[in-house]
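*Asks:* Would you mind keeping the following structure in view while I ask a few things?
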Amino acid sequence: MTQVKKHFFSGGLKGAEAAFGEQAEKYGISETTYAFEGQTLTREVNVEILSEETLKKGDVSMEIVSARMGRRYAQADKIRKVFQVIFHMVNKGCQVLAIGWIQDDNTVKGGTGWAVELGKFFNRPVSVFDQDKNQWYTWKENRWALDTPVITQDTFCGTGTRNLSDEGKAAIDELFKRSFA
């Protein structure tokens, strides 16, 4: 099956991003993997190494990130490039799909949380599969609502934890099947 009108963006990292990419390939969806020089990828499909100049277009103050996420980052310089790549993924993807853990403050754990926050900020449809609850949630009316999302946008990004559970992988597989089969 070929979905020529759809395009998937990710960072090609181990876990959720690789699983999203595998499903995109299975359904004939074109794919771009964003990375920075020296980054180790698990999934290397149509890799676009972002230049320092391009990365800086996605730069944001770590104080803003910390305030938005409600936490501090010990290795701010190291994670900055990761956050810059995430910016480019979300900027190109008109729908954000993530696998992780929704926290009590309505943010999502880790770098995945920055993709989710950017998706909210850019007013994108945002859905997260919570690996503790084994359930999809979609951000609606400033809260997480139980949902069974489908991929509706022509461009979308998939991101999430490197520690993908069997249930998280199955959620990705079922999402693509629901959306494209």
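*Asks:* Could you report region 7-180's accessible area per residue, 1.4 Å probe, as an integer in Å²?
*Replies:* Roughly 48 Å² per residue, with all protein chains present.
*Asks:* Let me ask something additional. For the cross-link pairs K26/K169; K56/K92; K6/K81; K26/K120, which exceed 18 Å when the distance is taken from alpha carbon to alpha carbon?
*Replies:* Distance filter (> 18 Å) returns K6/K81; K26/K120.
*Asks:* Another question about this same structure. Can you give the helix-only mean residue ellipticity at 222 nm for the chain, where every DSSP H stretch with n ≥ 4 adds -39500 (n - 2.57) and the sum goes over all residues, rounded to the nearest 500 deg cm²/dmol?
*Replies:* Roughly -11500 deg cm²/dmol at 222 nm, from the helical runs in the chain.
*Asks:* Further question: Using the Karplus equation 6.51 cos²θ - 1.76 cosθ + 1.60 (θ = phi - 60°), what ³J(HN,Hα) coupling, rounded to whole Hz, does each residue of region 105-113 give in order, writing x for Gly and Pro?
*Replies:* These are the phi-based 3J(HN,Hα) values: 8, 6, 8, 10, 4, x, x, 4, x Hz.
*Asks:* A further question follows. With all protein chains present, how much of the accessible area of the chain (probe radius 1.4 Å) comes from carbon and sulfur, to the nearest whole percent?
*Replies:* C and S atoms contribute 46 percent here.
*Asks:* Let me ask you something else. Relative contact order for the chain: what is it in percent, counting Cα pairs under 8 Å that are at least 6 residues apart?
*Replies:* 26
*Asks:* Under 5 Å between amide H atoms, partner at least 5 residues away or on a different chain: which partners does Q135 have, H built in plane at 1.01 Å?
*Replies:* HN-HN under 5 Å from Q135: D130.
*Asks:* Regarding the chain, what are the three Cα extents along the principal axes, ordered largest first, in Å?
*Replies:* Largest to smallest, the principal-axis extents are 42, 36, 28 Å.
The values are calculated or read from the model by the stated rules, or taken from the named source; none is laboratory data. Bear in mind that the values here come from a model prediction, so they are computed numbers and not experimental data. Only protein heavy atoms, including side chains, enter the accessible area calculation; ligands, DNA and RNA are left aside. Shrake-Rupley method; radii C 1.70, N 1.55, O 1.52, S 1.80 Å.
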